[in-house]
1. Could you tell me which of rounded, prolate or oblate describes the stretch 45-99, using a ≥ b ≥ c as the square roots of the eigenvalues of the alpha-carbon gyration tensor, with rounded for a/c under 1.5 and, failing that, prolate when a/b is larger than b/c and oblate otherwise?
2. How large, in percent, is the carbon and sulfur part of the accessible surface of the stretch 48-145 at a probe radius of 1.4 Å?
3. Mind listing the phi-derived Karplus ³J(HN,Hα) values for the stretch 236-242, rounded to whole Hz, using 6.51, -1.76 and 1.60 with θ = phi - 60°, and x for any glycine or proline?
4. Using alpha-carbon pairs under 8 Å, 6+ residues apart, how would you state the relative contact order of the chain in percent?
5. Report the equivalent ellipsoid semi-axes for the stretch 1-135 in whole Å, largest first, defined as the square roots of five times the eigenvalues of the gyration tensor built from alpha carbon atoms.
6. For Lys123, which aspartates and glutamates qualify as cross-link partners when the Cα separation must be under 16 Å and same-chain residues fewer than eight apart are set aside?
7. Could you tell me which helices of the chain pass both thresholds, a Cα extent of 30 Å or more along their own axis and a mean Kyte-Doolittle hydropathy of at least 1.0, with helices taken as whole DSSP H runs?
8. Based on Cβ point charges of +1 for Lys and Arg and -1 for Asp and Glu, what charge dipole magnitude is obtained for the stretch 197-239 about its Cα centre, in debye rounded to the nearest 20?
Amino acid sequence: MTQNIYDDEEFFAGYSRLRRSVEGLDGAPEWPALRALLPGLRGRNVLDLGCGFGWFCRWARQQGAAHVLGIDVSEKMLTRGGAATRDPAVTYIRADLEHLELQAESVDVVYSSLALLYVENLKGLMSQAYRSLVPGGDLVFSVEHPIFTAPSQPNWSLNAAGRKIWPVDGYLHEGPRSTNWLAKGVIKQHRTLATYINMLIGIGFSISHIEEWGPTEEQIATQPNWADERQRPPFLLVAARARRR
């Protein structure tokens with residue numbers, strides 16, 4: 001089963017205080033770039049893997065999506081999301097992404113934000129995502145960048161300009177990484193960029209866009225503390241399309 005760290009009291013309390021938890025999509029610095037990868041949603045059926053508080057589910061409906069299904073393993077996240085949603089066209093289901101079975105050709109768009117890095121059997125989940133998409137359907141997701149997940153410990157030093165330099169430790173050694181982020185013992189799955197991309201291609205997806213995201217100069221001007229994120233990309237954004245069968 002996927003580690004359900006979001007139902008841990010300490011972790012959930014810390015996560016709830018994050019800017020992206022309080023402000024929603026607008027509080028996520030990578031959201032404008034991720035949003036640009038999405039196709040038009042009007043009249044489409046949308047699936048959100050790891051939907052959390054349901055911010056994207058509600059936004060998709062505002063864009064005209066016909067129906068949105070949000071799936072998450074966390075009861076606490078879904079309870080919060082359900083309380084904020086008053087729309088019969090948005091459905092939330094609690095399920096383990098490790099063992100998910102999706103109806104064939106039932107959705108037009110599959111979306112996921114910073115959830116797939118918790119999934120050990122990612123190939124199985126992405127195969128289910130491919131199965132669920134109609135021919136030509138879209139997959140758009142974000143994960144922590146592999147350069148970000150590779151260090152076993154968050155050790156850093158300063159360069160001559162006073163910017164943080166982050167080491168990359170064991171990049172090619174894929175597997176679980178235990179980190180102390182908001183709570184002790186949070187398990188994330190480290191994969192190389194090549195593994196992500198080749199996995200999708202092998203399943204049958206056609207890659208349309210890859211972005212190693214970092215904040216823009218405009219974002220840094222308003223949030224100077226984001227400048228360090230220009231030293232290594234914190235997020236990997238991917239857009240792909242299910243090939244016609």
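1. Working: a/c = 2.22, a/b = 1.40, b/c = 1.58.
In terms of gyration-tensor shape, oblate.
2. Working: 1760 of 3670 Å².
Answer for the stretch 48-145 is 48 percent, counting heavy atoms of protein chains only.
3. 10, 10, 9, 10, 9, 10, 6
4. Working: 478 pairs, mean separation 45.7, N = 245.
Relative contact order here is 19 percent.
5. Working: eigenvalues 92, 70, 38 Å².
Working from the Cα gyration tensor, I get semi-axes of 21, 19, 14 Å.
6. Asp96, Glu98, Glu101, Glu174
7. On the way: long enough: none.
Going by DSSP H runs, there are no hits.
8. Numbers: 2 positive and 6 negative charges, 35 e Å.
Approximately 160 debye in magnitude.
The values are calculated or read from the model by the stated rules, or taken from the named source; none is laboratory data. Computed from a predicted structure; not experimentally measured. Note: ideal-geometry Cβ built from the backbone for every residue, glycine included; neighbour counts use all protein chains shown. Heads up: the accessible areas ignore ligands, DNA and RNA and are worked out on the full protein's heavy atoms, side chains in. Shrake-Rupley method; radii C 1.70, N 1.55, O 1.52, S 1.80 Å.
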